[in-house]
Amino acid sequence: MIMRPGTVYPQLKQLKAEGRHAFAVLIDPDSISPEGVKRLAEKCNDAAVDFIFVGGSIMVTAHVDQCISQFKQESDIPVVLFPGSPSQVSPCADALLYLSLISGRNPDLLIGQHVVSAPSIKASGLEVISTGYMVIDGGVPTTVSYMSHSAPIPANKPDVALCTAWAGELQGKHVIYMDAGSGAQYPISSEMIRRVSGNIDIPLIVGGGIRTPEKVYENCQAGAQVVVVGNAIEKDLSLIREMSLAAKEAPITL
Ligand code: 1GP
């Protein structure tokens, strides 16, 4: 079985090495129409968005394939799967975030579902990016915390976040993804992002509850390599341009 040579992870590593920042738009295939995908692709192309993340909690595989294929007809932006369950693996994407919920204590989300999905991932040939996934308390219960019976890391405990990220790094994860959860009331604090990013050698992805270009800038300034926004863009496509620009204009963080 031949795994596709990666193009996404080298880009993430380069961002980290050069202290630069990128912007990703999260699409939930269940809540976008075919016309919506086309409109979104145009906006993302115009705004030079760096990555498209595709994920959702209850996605149906047929939608995922269709949505990605359609996006790819309109755009060359790399599409990265951010799956909520093993059924969401699509060979149409460019890469897959292979998530282990390292902030939780549920063996199923640390290794169980990985065993179940391994054959289809191998067969897909996707670029696989081993990801330490950390849920941070964003003020409202998240789907992932509910489904996994795992408490998120408290928002005011940057040291717990750092130790968790370190553990992920020591286990050989390629990236750390800190997520306050879709629609979080409070996005992750700059203090926590700075603490984690400044002390790990692997790229850091941050998302959840980010609603303004200023917040995107702030998160990048604190050291996030990639900032991900979903909900806010679903409501207002015009945010894409300013948010993408904010990530690119943020100062270099080494
Ligand atoms: C990606 O879960 C986030 O990490 C997306 O969150 O939908 O709140 O932007 P929003």
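The values are calculated or read from the model by the stated rules, or taken from the named source; none is laboratory data. Fair warning: this is a prediction, and the values are worked out from it, not measured in the lab. With ideal geometry, Cβ positions are generated from the backbone for all residues, glycine too; neighbour counts draw on all protein chains shown.
Please go through the stretch 204-240 and pick out each residue that is in a loop (DSSP other than H, G, I, E, B) and either under 13 Å from the mean Cα position of the chain (by Cα) or within 10 Å of the ligand (Cβ to nearest atom) (or both). Spell out how you get there, then give the answer.
Of the stretch 204-240, the ones in a loop (DSSP other than H, G, I, E, B) are 208-212, 222-225, 230, 236-238.
Those that are in a loop (DSSP other than H, G, I, E, B) and either under 13 Å from the mean Cα position of the chain (by Cα) or within 10 Å of the ligand (Cβ to nearest atom) (or both): G208, G209, I210, R211, A224, Q225, G230.
For the stretch 1-92, list the helices (runs of 4 or more DSSP H) that sit wholly inside it and hold at least 2 residues that are more than 16 Å from the ligand (Cβ to nearest atom) and at pLDDT below 90; which are they?
Working: elements: 8-18, 34-46, 61-74.
It comes to 61-74.
Identify the residue in the stretch 170-187 that is under 19 Å from G198 (Cβ atoms) and surrounded by fewer than 23 Cβ atoms within 10 Å (Cβ to Cβ) and, among all such residues, is farthest from the ligand (Cβ to nearest atom).
Once the filter is applied, the top-ranked residue is L170.
For the stretch 119-134, give me each residue that is of a type in the set (S, T, Y) and assigned to a helix (DSSP H, G or I).
Once the filter is applied, which keeps residues that are of a type in the set (S, T, Y) and assigned to a helix (DSSP H, G or I), the stretch 119-134 yields S120, S124.
Looking at (1) more than 10 Å from the ligand (Cβ to nearest atom); (2) assigned to a strand (DSSP E or B); (3) over 23 Å from S150 (Cα atoms), which is the one condition that is false for M243?
The one condition M243 does not meet is (2).
Quick one: what pairs do we get from the stretch 170-190, first residue assigned to a loop (DSSP other than H, G, I, E, B), second away from the ligand (no atom under 16 Å from the Cβ), C-beta under 7 Å, 6+ apart or different chains?
Here the result reads G172/S130; K173/S130; K173/I202; H174/Y9; H174/S130; H174/I202, each pair linking the stretch 170-190 to a residue that is away from the ligand (no atom under 16 Å from the Cβ).
Per-residue answers, yes or no, for (1) surrounded by 14 or more Cβ atoms within 10 Å (Cβ to Cβ); (2) over 17 Å from L26 (Cβ atoms); (3) in contact with a strand residue (DSSP E or B) (Cβ under 8 Å, 6 or more places away or on another chain):
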| residue | (1), (2), (3) |
| --- | --- |
| A95 | yes, no, yes |
| G112 | no, yes, no |
| S117 | yes, yes, no |
| P152 | yes, yes, yes |
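Do we have A167 as more than 25 Å from P78 (Cα to Cα), modelled with pLDDT of 95 or more and surrounded by fewer than 21 Cβ atoms within 10 Å (Cβ to Cβ) here? Break it down into steps so the answer makes sense when it comes.
Details: more than 25 Å from P78 (Cα to Cα): yes; modelled with pLDDT of 95 or more: yes; surrounded by fewer than 21 Cβ atoms within 10 Å (Cβ to Cβ): yes.
Yes, satisfied.
Quick check on this structure: which one of S145, S130 is at pLDDT below 95, surrounded by fewer than 21 Cβ atoms within 10 Å (Cβ to Cβ) and among the hydroxyl-bearing types (S, T, Y)?
Selected residue: S145, the only one of S145, S130 that is at pLDDT below 95, surrounded by fewer than 21 Cβ atoms within 10 Å (Cβ to Cβ) and among the hydroxyl-bearing types (S, T, Y).
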